[in-house]
Every structure is written in structure tokens, then in C-alpha cells.
1. Can you work out the FRET efficiency for the pair Gln187 and Lys140, with r the C-beta to C-beta distance and R0 = 35 Å, to the nearest 0.05?
2. Enumerate the amide H contacts of Leu197 below 5 Å, restricted to partners 5 or more residues apart or on another chain; note that Pro and chain-start residues carry no placed amide H.
3. Rounded to a whole number of µm²/s, how large is the Stokes-Einstein D of the range 64-112 at 20 °C and 1.002 mPa s, given Rh as the Kirkwood radius over C-alpha pairs?
4. Excluding same-chain pairs closer than 8 in sequence, count the lysine pairs in the range 132-228 whose Cα atoms lie under 27 Å apart.
5. Excluding ligands and nucleic acids, what accessible area in Å² is computed for Thr77 using a 1.4 Å probe, to the nearest 10?
6. Kindly write out, for the range 175-180 in residue order, the coupling ³J(HN,Hα) from the Karplus curve 6.51 cos²θ - 1.76 cosθ + 1.60 (θ = phi - 60°), rounded to whole Hz, with x marking Gly and Pro.
7. Out of every Cα pair in the range 123-165, what percent are spaced more than 13 Å from each other?
8. Using a 1.4 angstrom probe with every protein chain in place, what is the largest-first accessible-area order of Lys128, Lys140?
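The values are calculated or read from the model by the stated rules, or taken from the named source; none is laboratory data. Just so it is clear, the structure is predicted and the values come from calculations on it, not from any experiment. FYI the Cβ positions are ideal-geometry reconstructions off the backbone, even for glycines, and counts take in every protein chain you see. For the accessible areas, the whole protein counts, side chains as well, though only heavy atoms, and no ligand, DNA or RNA atoms are used. Shrake-Rupley method; radii C 1.70, N 1.55, O 1.52, S 1.80 Å.
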Amino acid sequence: MDVNVNSDAHEPDSAESDAESPLLVGESKDSEHEGRKPDPDEPADRESAGKTPKRWRVSVSLRGLVQSAIIVALVATISVLAWLYRDAHHKIDLQAQQSANYARAEKIALDYAANAAAMDFQHLDEWKGKLVAGTTPEMKDKLTSAATSMEQILLPLEWSSTASPLAAKVRSNAGTSYVVDAFVSVQTKTVQAPEPLQSTAAYSLTIDSAKDWQISDVGGIGAMVAGK
């Protein structure tokens, strides 16, 4: 009896050998993975690829807010005080200017009144010159005409008077126009009253600062003479 023994049947197949050794195969794959160089195009951190972008947070301390509020309040307070100071300073300047203007108008009126009240029948031309001094051209014509009429009274009475200034006060002020009341003490002698007669003469004058402080209107001269 012939028995054929195939020697190949006892030799393990290489595929079966590989199948029977899965651990070795796994280890071989891991070693290949570990030995492989990283791809430069591959993300370095795969886990971070799926994360949402970070958000910046700004934190402000309560102390900083308080300091900022204090600074703003100080700046506002300083601005208000500066405005009040400028306004008050402006008002003071206006009041000082008004006082100076009033004083100037009153001095002009008082000086004029004293000169207008002093008359001497022997020197009427000198009196006429003082009567129109410092007046506007229109007022000068009116006063010249009034002086000519008064001359008809002064000469027969041999009028002679001296005057001393008493006081002057601005009655009203509208724009550049000042109405001033001036008062002078007058000592008068005439042919009918050789003894000096004391009286107070009042003049109302309108002075215009826009016209070089000239006198644009005069009242009281005729009334003073008529009263005598």
C-alpha cells in the first residue's frame, strides 16, 4: 500500500501565519506610524481646529470710573467758574465805563451851566462865546439867536451875575445821549437891585457822546433871566 505524504501540507501558509499573529502586525503598523514624518500641511493641533475663536474681555475697575467721573466734574466746574468770572468781569467793565461816562457828562453840564449863568452887561460878547462853546452847530445857531434876544433885557437892567457850581446829575441815558440836570448858585445885581441877590439856577442839557460830547440841547437859560 502506497501512502503519499505531501510535505507542503505541514508547512504553514504565510497568510495564515500573519493572521495568527495580529499583535505583531499591529505593532508593526504602530511602528510605521511613529516613524513617519509629520506632514507640514497637516494642522499641528487637530483638537484646536474644532474650537471656537477666543473672545477678548476688557475689564474696567470701579476706581478708574470714579476717577474719570471726578476729572470730568472738575473740568465742568472750572469751565462754569471761568464763564462766570468773564461775565462778572464784563459787567464790572460796563459799570465802570458807564460811571466814567456819567461823570464826564455831569462835569460838562456843570461847567457849561456855571459859564452860562455868569453874565456882565459890559462884556456880553465874552458871555455869548461861552454860551455857544461845546455845542453842536444846530444848537449854536439857536443859542446865538437867544442871546441876541436876551441882550435886549440885560443891557437896560445892567445885569451882572456870578455863578458857582453846585451839582449835576444824569437824569436819563439812551444810547449815546445823556440828559443832565445841572444846578449853580447865582449872585445877581441889577440897576433895580444893587444888593446881590442869591438864587439857584437849574439847567437841563442833552449831551451826545457820539458827537465828541457836544451839547445838543440846552434848557433853563431863558427861564433864569425871566425869573429875575
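1. Using R0 = 35 Å, I get an efficiency of 0.80.
2. Amide H neighbours of Leu197, under 5 Å, 5+ apart: Thr188, Lys189.
3. Translational diffusion coefficient: 154 µm²/s.
4. Final tally of qualifying lysine pairs is 10.
5. Approximately 70 Å² for this residue.
6. Ordered by residue, 3J(HN,Hα) equals x, 9, 9, 10, 9, 10 Hz.
7. Percent of Cα pairs beyond 13 Å in the range 123-165: 59.
8. Lys140, Lys128
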